[in-house]
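The next block holds one structure in the form of structure tokens; read it before the comments.
The values are calculated or read from the model by the stated rules, or taken from the named source; none is laboratory data. Bear in mind the structure is a predicted one, so any value in this text is a computation, not a measurement. Quick reminder, even Gly has a Cβ in these numbers, built from the backbone with ideal geometry, and neighbours come from all protein chains shown. Areas reflect the complete protein model, heavy atoms only, side chains present, ligands, DNA and RNA absent. Shrake-Rupley method; radii C 1.70, N 1.55, O 1.52, S 1.80 Å.
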Amino acid sequence: MTIVHYVNQFFAGLGGEEAAGHEPIRLDGPQGPGRALAAAGAAPDVTLACGDDHFGEHEPEALPTLLAWLEEIRPDVLICGPAFGSGRYGYACGVLAREAGRRGIPVVAAMTPDSPGVMAAEGAAYVVPTGSNVAAMRTVVPLMAGLAVRLAAGEPVGSPEDEGYLPRGLRSNVRSDRTGAERAIELLLAKLAGDVRTEVGPTGDRVAPAPPVPDLTGVRLALVTEAGCVPQGNPNRLPTRHANVWLKYPIEDVDSLASGTYESVHAGFDTTVGNADPNRLVPLDAARELERRGAFGSLHDAFYTTSGVDTPVATAAKFGQEIAAELLEARVSAVVLTGT
């Protein structure tokens, strides 16, 4: 039985955020959580690793490198993660799982249910749900190891409800000793009792819109965007997707964002028009004109930016809370929030 394990730079022992740009690397034997997998009976023969930022920013180069190693090794199973609540790590796990699955390699992964990696995997992997941090390692690893060993041996795997992995969006025919009418009535009665088994309920918070500002003439206004607008060259390394940080840049005494001085690094839309005129991303020129006309009191002396593609909801909510706290401290009463 040959097992390959994929981890990020941190769990491979290459370093933390300072090593997030590390290129793909191939290591012998178990590394990091691979040792826990080994103790649970699923010892990795080879560990593949890549920096989270490197994969996100250089996916067209990083992914083929990792897949070439898998093609060479031809493992009986690939294990990805656990990535827990890390959006970048989860995304890399999901993409690699999807492509490995398309090549006939069974895959087990683990991450939070809202990780972008779950969607990226497109049902190719058996994804074990985790908590948001490594505190869940002790309970998650045995489930991953058990599934991996069975998949490697070609043994059947039961339903998500029975085995503890997330639904893959697949339905399998099974033989039942009851008629379709009997089963339909059972499902109907269960639904009426509040036990919905066949439909996916909506998730996420409902955010009530803020009340309108009755009088803008004395208001300090701020500009916030998720369009990934940063100074040319992205000096602070804002991730192009599944962002883990927000940034702010000064605009005091600046009337317009000139072409060639700012750009969008957002990976979720065609940035051509926005880069030609960054005021389409952060409407500073229009805001200054309205300020001169007295439409509102004054413009805050910085704008706030992040890239909102593949960012987990929990991370985005955290960004909003942090930015809002800073704006309240600066006595900002209203925000123009631009999106893509």
task: For R288, indicate whether it is charged (D, E, K, R) and on the phi > 0 side of the Ramachandran plot.
output: no
message: If I go through region 14-37 residue by residue, how many of them are under 17 Å from V141 (Cβ atoms) and either open to solvent by less than 40 Å² (accessible area, probe 1.4 Å) or touching a residue at least 12 places away in the same chain (Cβ under 8 Å) (or both)?
response: 8
query: Restricting the search to region 282-310, which residues are under 21 Å from Y249 (Cα atoms) and open to solvent by 30 Å² or more (accessible area, probe 1.4 Å)?
result: P283, D285, A286, E289, L290, E291, G297, S298, D301, G308
message: Looking only at region 252-281, filter to residues that are in contact with a helix residue (DSSP H, G or I) (Cβ under 6 Å, 6 or more places away or on another chain) and open to solvent by less than 60 Å² (accessible area, probe 1.4 Å); which one of those is farthest from V230 (Cα to Cα)?
response: S256
query: Within the set of pairs 6+ apart or on separate chains, which have a first residue in region 165-192 that is under 30 Å from I79 (Cβ atoms), a second that is in a helix (DSSP H, G or I), and C-beta atoms under 9 Å apart?
result: Y165/L143; Y165/L147; L166/V118; L166/P160; P167/P160; P167/E161; R168/A121; R168/P160
- prompt: Looking at (1) crowded, with 16+ Cβ neighbours inside 10 Å; (2) out of contact with any His (no Cβ under 8 Å at 6 or more places or on another chain), which is the one condition that is false for V46?
  reply: (2)
task: Hand me the list of strands (runs of 3 or more DSSP E) wholly inside region 232-340 holding 1 or more residues that are closer than 19 Å to D53 by Cβ.
output: 247-250, 262-264, 298-305
task: Assess whether M111 counts as being open to solvent by less than 20 Å² (accessible area, probe 1.4 Å), more than 30 Å from G268 (Cβ to Cβ), at pLDDT 90 or above and not acidic (D, E).
output: no
statement: Of the conditions (1) under 17 Å from V149 (Cβ atoms); (2) open to solvent by 10 Å² or more (accessible area, probe 1.4 Å); (3) of a type in the set (G, A, S), the single one that G104 does not satisfy is (1)
field: Filter result for the condition that a residue is in contact with a strand residue (DSSP E or B) (Cβ under 9 Å, 6 or more places away or on another chain), at pLDDT below 95 and under 24 Å from V118 (Cβ atoms), over T306, T340, T315, T311
entry: T340
